[in-house]
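> Below are the structure tokens for one structure; questions will follow.
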Amino acid sequence: MQIKLFIISCCFLLQNVYAGVEGEWLRVSHGEIPERAFLLENQQYICRAPQSKGTYPGYMANGTCILNVAGRAVKAVYYEVLLGSDYKWQVFSRSYVEKIPDNAVLGGTEDPQYDRVLYICRAKYQQKEWVIGKLSNPLRGCQINHNNREQSNLDFEILVK
């Protein structure tokens, strides 16, 4: 009985430590895009894939899922694609100590030792094009990668359901 209460307590604490909701994901590979994939305005899709002891959010380009892992753009042939249409981008700024919304879409995890949750964000590269990135509580901004260069943007949008 005590073990059962402990497990229930741990689960309750974990649910309250992180904001966020799990989206609907489908495992696919080799450039496959499912029928109900969430389509972005620039005709891109959001994906995620396991890499380096974590699961990272990214975007589809040229038949692969492009992830931002440790400052490098990494291609994944096996990945999951976000499904549905009930998502939207919410303006967000880390310049102020803004709390991650409770309805932010979970995009993966990083650093399993600390169980760091990653959210899906997007920021403009050189004030021009939107690039999908990752956000976690210890990070100050949306981490994006463009041409194998990582940058952190304090003004960005976060995907919410």
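> Farthest toward the dipole's positive end in the range 107-160, which of Tyr125, Cys142, Val160, given Cβ charges of +1 (Lys, Arg) and -1 (Asp, Glu) about the Cα centre?
Selected residue: Tyr125.
> Sticking with this structure for a sec: Taking all pairs of different Cα atoms in the range 20-160, averaging 1/r and flipping that mean, what Kirkwood radius in angstroms comes out?
14.8
> Let me ask something else about it. Is the range 30-98 best put as rounded, prolate or oblate by its Cα gyration tensor, with a ≥ b ≥ c the root eigenvalues, rounded for a/c under 1.5, and otherwise prolate when a/b is larger than b/c, oblate when not?
oblate
> Quick check for me: using +1 on Lys/Arg Cβ and -1 on Asp/Glu Cβ, what's the dipole size of the range 20-160 about its Cα centre, in debye to the nearest 20?
Charge dipole, the range 20-160, about its Cα centre: 440 debye, nearest 20.
> Measuring from the lowest to the highest alpha carbon on each principal axis, how far does the range 95-161 reach, largest first, in angstroms?
32, 23, 22 Å, listed from the longest principal axis down.
> Between Glu150 and Arg116, what's the calculated FRET efficiency when r is the beta-carbon distance and R0 is 22 Å? Round to 0.05.
So, using R0 = 22 Å, E works out to roughly 0.85.
Only the coordinates and a few stated rules stand behind these numbers; no lab work does. All values derive from a computational prediction rather than experimental measurement. Cβ coordinates were reconstructed from backbone atoms using ideal geometry, including for glycine residues, and neighbour counts include every protein chain displayed.
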